[in-house]
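Data block below; observations after.
The values are calculated or read from the model by the stated rules, or taken from the named source; none is laboratory data. Being a predicted model, the structure only gives us computed values, none of them experimental. All Cβ positions, even for glycine, are placed from backbone atoms using ideal geometry, and neighbour counts span all protein chains on display. With ligands, DNA and RNA removed, areas are computed over all heavy atoms of the protein, side chains included. Shrake-Rupley method; radii C 1.70, N 1.55, O 1.52, S 1.80 Å.
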Amino acid sequence: MVVTKAARAAAEAAGRMARLLLRGRGDAAGAAEAATAGAAAAAAQSHNARANKMWSRALGSAARAEGPQRTPLYELHVAQGAKMVAFSGFLLPVAYAAQGIAASHLHTRSEACASLFDVSHMMQTEVRGKDAVEFMESLCTADLRGLPDNVSALTAFTDPITGGILDDLIVTKTTLGYLHVVSNASRRAEDQQIMLRAERAFAARGKCVRLRFFGAEERALLALQGPGAARALQPLTEVDVGQLRFMGSTLAEVAGAPARLTRCGYTGEDGVEVAVAADRAAHVAQALLDSAHADVRPAGLGARDSLRLEAGLCLYGNDIDHTTTPVEAGLTWIIGKRRREAADFPGAAVVLRQLREGPKRRRVGLRAVAGGPPFRAGARLFAEAEAAAAGAEAEPAGRVTSGCPSPTLGANIAMGYVRADLARPGTRLRAEVRGKAVVAEVVKMPFVPTRYYKMPSAK
Amino acid sequence: MRSLRGLHYSSVARISRCFVARWQGNVIRYISISINCLSGSRRFTDKHEWISVNENIGTVGISHHAQKSLGEIDFAQLPDVGAVLEKEVTCGALESVKAASEIFCPVSGKVIDKNASVEQTPRLINSSCYDKGWLFKVELTKPDELNRLMTESEYETFIKSGVYK
């Protein structure tokens, strides 16, 4: 894999700054440095990832010990035969020896089965203080005031000027005096800068907010996903899993370890995310893998990506970034109704104008019409009619942001942005793959029906 | 014994050497040498392609190590018949769930055949990378290029060393 010295140095620097920030509480200078290093590292990593299609990438590159950080489950991954890659400053499994990516993907959707993902690289934050809700609302689109206790919401930090998405995150309103926030590892430095800067502004106004960032060395996050997830979890915990609704959250013990359970995930299947202390994580993970009530197997980033794409879920940095607003991304629903009416979230002016007038481009789902190579991030899209008429002179009408062969559907699927007039399902487009045209059709997402938990109706 | 066109050229060579050791006959020795010359043992590139040449026609595929690392292949884009290729130039791609991996032509030449079965059933590459999963055939324009490629044992050493990472 072609990783330049500069990119590796930038990634290491970002990792060091991020770790420094997390150990201490971090200060303004540290946050700013980490943000720059982190942004550079993220840019370098994503550039390398996009540019690199060589064998050596497919064959994987073992990360150097002193570079990316290990998660609390590192030993377990190695014991399970994981192929590790460096991702967002962490060493994570992309797949395991026992199952190829497609097999692992299909396992996650199979009856009485579940997959266990290590997502400890994601940043966890606790926001405390009497003004915590007002604080988070000043940064994101959710109606946190109206959010019930022990419920989680998917939301985004938005840019105050452009309305662009700065990160997508899940906020949980706990009954213990704090908001629990889970955000992307790739935006760790940026998110910390956003929150620390706002914390200082709030303190200057005499308001009460305290932030606490958790690194992987302190807290782990496991995602148990699949039709068998609840069955595997129930014997290991004292709470009634059947009463934990989709997007609900609770404290519980899992395999004897104190944990926070949130019924959410990134696969479209039923499942939970388990936040647990780093030193208990391996024990909890092993207990889940050893379940006699469901076939639980470890799964890595490869299957995680294809699963979330089938479920129509965005990946920050690919399908959403600071240049995409929630309206363009088709994520208007993450803006709370009260927030929209009050127009009091960052970038509200731009977003509300787009809601009134329509955005110029929209995120759509694409599915190949008749085979061909998969179309992946970066592939240009052309309107079928325009391409037919203008040939080589046609202007691109959009671009693919994520794509892969769908193991469940046996067809190539993708997400991308297209000119708003081409966003209707059924529209035919051409994707350009290595100089050849592949015909695709706009389809509704999710590509595969989701199976989020529905509480059994009261008798 | 498998057909000479198929896989295990090196095992053909090994069987013939066994004959020599057992029979110690000049006639047998002559036959084993000529089998070695005809069989054109497989050569490997540092990008994990193999090529096996018979009368100036090279059959190209990817190694077992490569197919294992790629995982299940969903799509094979092979060079068109008639394409004129230069050594080490990208001439196609193999797609798995995770990524596209380029195919590099091991030698210079003209493509005279491609494996339609593999285009139809890309998983043949995973299940039979040296036999049914061959990718394309090329008529060599510079046969000397073969000498710069690795032998099977040199390739085994190469992948064990992890140098390519």
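Observations
- Test: residue in the stretch A:203-226 that is farther than 16 Å from A:Met122 by Cβ, in contact (Cβ under 8 Å) with a residue 24 or more places away in the chain, crowded, with 22+ Cβ neighbours inside 10 Å and not assigned by TED's automatic domain parsing to the domain that holds A:Cys140: yes
- Flag if A:Ala185 is within 27 Å of A:Phe246 (Cβ to Cβ), out of contact with any helix residue (DSSP H, G or I) (no Cβ under 6 Å at 6 or more places or on another chain), of a type outside the set (Val, Ile, Thr) and surrounded by 23 or more Cβ atoms within 10 Å (Cβ to Cβ): no
- Given (1) modelled with pLDDT of 95 or more; (2) open to solvent by 20 Å² or more (accessible area, probe 1.4 Å); (3) within 22 Å of A:Phe447 (Cβ to Cβ), number of the condition A:Glu357 does not satisfy: (3)
- Scan of the stretch B:79-118 for residues that are of a type in the set (S, T, N, Q), more than 16 Å from B:Ser63 (Cβ to Cβ) and within 14 Å of another protein chain (Cβ to nearest Cβ), ordered by number: B:Thr90
- B:Val107 vs. criteria modelled with pLDDT of 95 or more, farther than 21 Å from A:Ala103 by Cβ and touching a helix residue (DSSP H, G or I) at 6+ places or on another chain (Cβ under 8 Å): yes
- Qualifying residue in the stretch B:56-75 (condition: more than 14 Å from chain A (Cβ to nearest Cβ), touching a helix residue (DSSP H, G or I) at 6+ places or on another chain (Cβ under 8 Å) and open to solvent by 50 Å² or more (accessible area, probe 1.4 Å)): yes
- Residue in the stretch A:179-202 that is in a strand (DSSP E or B) and either more than 15 Å from the chain's Cα centre (by Cα) or basic (Lys, Arg) (or both) present: yes
- Screening the stretch A:80-151 for strands (runs of 3 or more DSSP E) wholly inside it with 3 or more residues that are surrounded by fewer than 24 Cβ atoms within 10 Å (Cβ to Cβ) returns the ranges A:82-87, A:90-96, A:123-128.
- The listed residue being within 14 Å of another protein chain (Cβ to nearest Cβ) and basic (Lys, Arg), out of A:Arg304, A:Arg280, A:Arg297, A:Arg339: A:Arg304
- A search for C-beta distances below 8 Å between a residue of the stretch A:393-406 that is away from chain B (no Cβ under 13 Å) and among the β-branched types (Val, Ile, Thr) and any residue that is part of a strand (DSSP E or B) and open to solvent by less than 20 Å² (accessible area, probe 1.4 Å), counting only pairs 6+ apart in sequence or on different chains, returns A:Thr401/A:Ala414; A:Thr401/A:Met415; A:Thr401/A:Gly416; A:Thr401/A:Tyr417.
- Residue within the stretch B:153-163 that is open to solvent by less than 80 Å² (accessible area, probe 1.4 Å) and more than 19 Å from B:Ala66 (Cα to Cα) present: no
- Condition check for A:Thr162: hydroxyl-bearing (Ser, Thr, Tyr) and over 23 Å from A:Glu341 (Cβ atoms): no
- Single residue of A:Val284, A:Val239, A:Val276, A:Val272 found to be within 20 Å of A:Met455 (Cβ to Cβ), surrounded by 24 or more Cβ atoms within 10 Å (Cβ to Cβ) and of a type in the set (A, V, I, L, M): A:Val272
- Residues within the stretch A:426-448 that are touching a residue at least 40 places away in the same chain (Cβ under 8 Å) and open to solvent by 50 Å² or more (accessible area, probe 1.4 Å), tallied: 10
- Test for A:Thr158: is it polar (S, T, N, Q), touching a Leu at 6+ places or on another chain (Cβ under 7 Å) and assigned by TED's automatic domain parsing to the domain that holds A:Ala282: no
- The number of residues in the stretch A:372-385 that are open to solvent by 70 Å² or more (accessible area, probe 1.4 Å) and either touching a helix residue (DSSP H, G or I) at 6+ places or on another chain (Cβ under 9 Å) or among the charged types (D, E, K, R) (or both) comes to 1.
- For the stretch B:26-43, the criterion of being surrounded by 21 or more Cβ atoms within 10 Å (Cβ to Cβ), at pLDDT 50 or above and either among the β-branched types (Val, Ile, Thr) or within 20 Å of B:Val107 (Cβ to Cβ) (or both) is met by at least one residue.
- Of all the numbered requirements in (1) part of a helix (DSSP H, G or I); (2) open to solvent by 10 Å² or more (accessible area, probe 1.4 Å), A:Val351 misses one, and that requirement is (2).
- Residue count for the stretch A:386-419 satisfying the condition of being open to solvent by 60 Å² or more (accessible area, probe 1.4 Å) and part of a strand (DSSP E or B): 2.
- Against the conditions (1) farther than 24 Å from A:Pro446 by Cβ; (2) in contact with a Pro (Cβ under 6 Å, 6 or more places away or on another chain), A:Leu352 satisfies every one except (2).
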